[in-house]
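Right, one structure below, let's go through it.
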Amino acid sequence: MIRINLNKLYKEEISNISFGSIKKENLIEALKDGRASSSFIELLMLENHPELIKAQTKDYDFKLKKSIDGLLTVEEKLFTKLGCKFYPSRMIGVGRKLNESEATKAILKNVYLIVNITEMPTICYKFIKGRDLLKRYPKFKITPKEKEQFFA
């Protein structure tokens, strides 16, 4: 069990990566894509942090068994080679548009779990309050150039 501490950098080497006869290096490359790794990262976080409960809603990924500074929900976002957009997923993608007012309201309600998958099979991650994330990154994203600073 790993206790959740805000702003602490957690680092983990993922071992035993396998799926049928697919070469490990091909799986690792596939897992650097957030679409492929997101569900697995969620499962890993549930095992690592028993304070998390899988949410049954599209609005956030986890609930907390005990609040952190009055916040009870956690949203997972992955940092990829393109960086990390931490506004609601329904506003990300082709034909979708960022609504800053609505995004701000959603962000302020959550603790964020930002996971760097660019160094797979090593991952590092932080839990951070949405309001702190928004204060540091008012454009609703962490750019690739800001990766080292964020994950310090």
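State yes or no: is residue 101 over 26 Å from residue 144 (Cα atoms), more than 17 Å from the chain's Cα centre (by Cα) and small (Gly, Ala, Ser)? Judged against the criteria, residue 101 is not a match. Scan the range 67-84 and tell me whether some residue there is modelled with pLDDT under 95, farther than 24 Å from residue 151 by Cβ and surrounded by fewer than 14 Cβ atoms within 10 Å (Cβ to Cβ). Checked the range 67-84: at least one residue is modelled with pLDDT under 95, farther than 24 Å from residue 151 by Cβ and surrounded by fewer than 14 Cβ atoms within 10 Å (Cβ to Cβ). Taking the range 118-149 as the range and being farther than 24 Å from residue 59 by Cα and either assigned to a helix (DSSP H, G or I) or among the basic types (Lys, Arg) (or both) as the test, the residues that pass are 144, 145, 146, 147, 148, 149. Search the range 108-117 for residues being aliphatic (A, V, I, L, M) and buried (at least 21 other Cβ atoms within 10 Å of the Cβ), and hand back the single one that is nearest to residue 74 (Cα to Cα). Restricting to residues being aliphatic (A, V, I, L, M) and buried (at least 21 other Cβ atoms within 10 Å of the Cβ), the top hit is 111. Of the helices (runs of 4 or more DSSP H) lying entirely inside the range 1-115, those carrying at least 1 residues that are under 23 Å from residue 133 (Cα atoms) are 34-48, 100-108. The residue that is surrounded by the most Cβ atoms within 10 Å (Cβ to Cβ), counting only those in the range 1-49 that are within 24 Å of residue 83 (Cα to Cα) and acidic (Asp, Glu), is 42.
In the set (1) closer than 18 Å to residue 9 by Cβ; (2) loosely packed, with under 12 Cβ neighbours inside 10 Å, residue 120 fails one condition alone, (2).
Each residue in the range 69-80 was checked for being farther than 16 Å from residue 48 by Cβ and within 17 Å of the chain's Cα centre (by Cα), and 7 pass.
The values are calculated or read from the model by the stated rules, or taken from the named source; none is laboratory data. Just so you know, these numbers come straight off a predicted model, no measurement behind them. Positions of Cβ are backbone-derived with ideal geometry, glycine not excepted, and every protein chain shown enters the neighbour counts.
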